[in-house]
Structures are given as C-alpha cells and as structure tokens.
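Input: a single structure, listed below in structure tokens.
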Amino acid sequence: MQQINNLAAKIDAYRTQIDAAVQRVITSGWVVLGPEVKGFEAGFAKYLGAAHCVSVANGTDAIELALKGLGVQKGDKVATAANAGMYTTTSVLALGGEPIFMDVGLETQVVTLADVKKAVAQGAKFVVVTHLYGLAVPEIREIAEYCAAQAVPLLEDCAQAHGALKHGKRVGTFGNVASFSFYPTKNLGALGDGGAVVTNDAHTAQLVAQLRQYGWSSKYRVELAGARNSRLDEMQAAILAEFLPHLDACNTRRREINDRYRSEIKQTDILHPEASGDASVGHLYVIRCARRDALQQHLRSQQIASDVHYPVPDHQQPVFGDQYASITLPNTERLAAEILTLPCYPEMTDGEVRNVIAAVNGWEA
Ligand SMILES: Cc1ncc(COP(=O)(O)O)c(C=O)c1O
C-alpha cells in the first residue's frame, strides 16, 4: 500500500543525525528547556528572519498562547478560516473567544483580503490566517497592511508552510505573531509533538515564554494568569535542529512531486492547485474532483492511500450543534466535498510518484 506519509522512510534517511541528537541530550543529562531548545529556537528564528522564537509543546498550544500573548480575552471575536482543521477555532474557544468564520478563495483555498475585511466589519478584533497546504496566502502582505491600519493584531498559522516565501520573506514574518507545528509529518517535523511561536515583538515573545511555563517571571514566582506547562523537550529540539538544515531541500523535493502530479496527471475530471513557485512548500497536494469519494475508492483499490484535509468545516463541527446553522461559506463547503490529498513527502521515490500518477490517470469517472 502506498501511504500518504512515510515516517519510517524519513527516520531511515536521517538515522545517523537522529542518533547523534538523542545521544547528545542523554549525555548532557538536561532534558527540559536547556541548551538544545535555546539553540533550536535561535536557529529557527534566524532561518525565518524573525527576532524571537519561543518553542512550545505543539502547534495548537502555539496558536492559543500566541493569541493570548496578543491579548485575546473572553468574548473577543477572532476571525479564522473554517477549512483549516479546527485547530485555530479550538484555541479561540479555549480562550473563551468567539470565532468569526471566513470563507476562502475557491482556487487557492486560503483567505483573501476581501474575506478578512468582511470579518473585521463583523467585529473581529483579531485575525488568524492559515497558510494552508504549504501555500503562502497570496495577499498576506496586503492583509498584514490592512490589519495594521485597523489596529487588528494578525496571527499567521504556519503549521503547514515552514519556509514558504512571499515577496522575499518567509511566512510567519508578515503579521504580529506566527504559530508553527512540528508534528512529525509537517515540513519541519519532530519525532513527537512540538510547536513554536515566532514574532518580532519582544513583549509578545516574553509573554508567551511566561505562558508556556506556569506564568513564572522567575522560578516559582507566578505573575501571569492563564498560563500552563507547554514546553518543547530537549530531545525534540535536538532532532529538529538536525532536520532544519535539510528543510529547504525537502521543500524543493515536495515541490518537484507537486509539479509532476500537476503536469503528468491528465485525468480531465480533476482540478489541480495552481503552480506557485517558492510561495508553496508543497505540504499537501490537494486536488479537486466532483466525484471525490469514487476517486478515493478507486485509488484504494489500486493500493494508493489518500485523505481529506478536511472533511468537516469548522462551523459545521458537531461540537457546535446548530449554533452556526445560519452561516453559509459557499467555497469552504463546496471544497470540503471535492478535495482529496495525494501522497507527498520528500522521501517518496520517483517510482512511487509514478504509481500514484498511473493510478489517478487510470480512473474512469
Ligand atoms: C494548519 C494547522 N494548524 C495547527 C495545527 C496544530 O498543530 P498540532 O497538531 O501540533 O497541535 C495543525 C496540525 O496538526 C495544522 O495543520
């Protein structure tokens, strides 16, 4: 079976570096918030061109703590796309905030400046944009300028877009603050959970650093309410530091696979994402097809796994009951019924890519 991801292949490819990282930590005897975390945070901030990186336990905590660092309080309205897996909405709810759901562009599947303006007109005091499937939001600069002019803080969720470039800048450096996930299958993934908050603002970085560790201002002295324990451990930081120098090459390989799918899948019932150069880091290759479920079944019969990211838009999640029944997001809802993710990861061989292409081309709709 061709899997959608293959962590074993990645571990195989980097076994020497992983073993060295683990040995380093074990030998040091320092396992939480030590030199590896510091080193990785500095390295990742430098890679992005940002002033501060504060690592946390996972990408959902990164969103929540970043929003808290921006000042989100109970009852605040926070705008988010509804097609990005519910992570931001979960974080907003955890803070007692109220999500304002934005629709997305049908072709790009990410929010536009017009979507953001509409949400702000609806009372959003904070905006979250998600660089989904690896694609830098095409209007991110314009959205950041607009939010700054409106004094509406902007969080970029970069969990799927480590390294994507727009206007010569990495995503995560346009808004006030950014969140990253290092879940193992991400473009920069650990061998366990991990996440980070990135910002150019020293005050926000300081707040998040306190929020991730009990609200301490110094050891055992709690100054900040609403904090928790959310730390990246030394082992994961050491492994991430080994993977970071390979991120650009891995992103190039993902783009190569994306390009092959785009040019060699000729099945005419399938719509492809547009080519975006280095504005995309090819995290997920998401095609569209009116008969998506039949296509997925065909691929399964050909031993090719696929997935749907994501099948249930946030405003239609069961947790809300009929709270948002009056909301319609036409593009988001249509996309949820049409999208299908094909296997794509840097260690995928040319032969494996060829098999996926052949299986898709062999489908008679
Ligand atoms: C867009 C997006 N945001 C946030 C997250 C949450 O990250 P984590 O799983 O590390 O909590 C993920 C991935 O899971 C994601 O894809």
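A short reminder: the numbers here are calculations on the coordinates, not readings from a lab. Since this is a predicted model, take the numbers as computed values, not measurements. Cβ coordinates were reconstructed from backbone atoms using ideal geometry, including for glycine residues, and neighbour counts include every protein chain displayed.
Observations
- Over all orientations, the chain has a Cα convex hull whose mean projected area works out to 17.9 square nanometres.
- Using a Gaussian network model of the chain in which every pair of alpha carbons under 10 angstrom is joined by a spring, one finds that among Phe320, Phe180, Phe44 the greatest mean-square fluctuation is at Phe320.
- Bridges between two residues of region 7-245, per DSSP, are antiparallel at a rate of about 55%.
- Spatial offset of region 193-218 relative to region 165-189 amounts to 17 Å, using the alpha carbon center of each.
- Rg/Rg_ref, region 31-131, where Rg_ref = 2.2 N^0.38 Å and atoms are Cα: 1.22
- Between Lys166 and Val171, the built amide H atoms are under 5 Å apart, and every one of these is 5 or more places off in sequence or on another chain.
- Violating pairs (Cα-Cα greater than 29 angstrom) within the set Lys74/Lys166; Lys68/Lys186; Lys74/Lys186; Lys38/Lys68; Lys77/Lys219: Lys74/Lys166; Lys74/Lys186; Lys77/Lys219
- Entry note, the chain: the mean residue ellipticity at 222 nm calculated from DSSP H runs of n ≥ 4, each adding -39500 (n - 2.57), is -12000 deg cm²/dmol after division by the residues and rounding to the nearest 500.
- Between Ser326 and Ala305, the contour length at 0.36 nm per residue exceeds the alpha carbon distance by 4.1 nm.
- Distance from the alpha carbon centroid of region 75-89 to that of region 227-296 works out to 22 angstrom.
- Across all directions, the average flat footprint of the convex hull enclosing the Cα atoms of region 135-204 is 4.9 nm².
- Efficiency of FRET from Cβ geometry, Ala337 and Gln297, R₀ 22 Å, rounded to 0.05: 0.90
- Across every direction, the projection of the convex hull enclosing the Cα atoms of region 117-157 has a mean area of 2.7 nm².
- Distance (nanometres) between label positions extended 7 Å along Cα→Cβ at Thr185 and Ile11: 1.6 nm
- Pairwise inverse Cα distances across region 205-244, averaged and inverted, put the Kirkwood hydrodynamic radius at 11.0 Å.
- Debye-sum result for region 289-357 in log10 I(q)/I(0), which assumes one identical scatterer on each alpha carbon, at q = 0.21 Å⁻¹: -0.91
- A full extension of the chain between Glu145 and His246 corresponds to an added length of 33.2 nm, given 0.36 nm per residue minus the alpha carbon distance.
- Label point distance in nm, Arg221-Asp350, each placed 7 Å from Cα along Cα→Cβ: 6.2 nm
- Our estimate of slack between Ala121 and Arg228, defined as 0.36 nm per intervening residue step minus the Cα-Cα distance, is 35.2 nm.
- D (Stokes-Einstein, µm²/s), Kirkwood Cα radius, region 247-361, 1.002 mPa s at 20 °C: 139 µm²/s
- Residues Arg262, Arg254 in ascending order of nearby Cβ atoms (within 10 Å, fewest first): Arg262, Arg254.
- Per-selection Kirkwood Rh - region 209-304 (Cα, Å, 1 d.p.): 17.7 Å
- Gyration tensor (alpha-carbon) shape descriptor, region 114-265, a/c threshold 1.5: oblate
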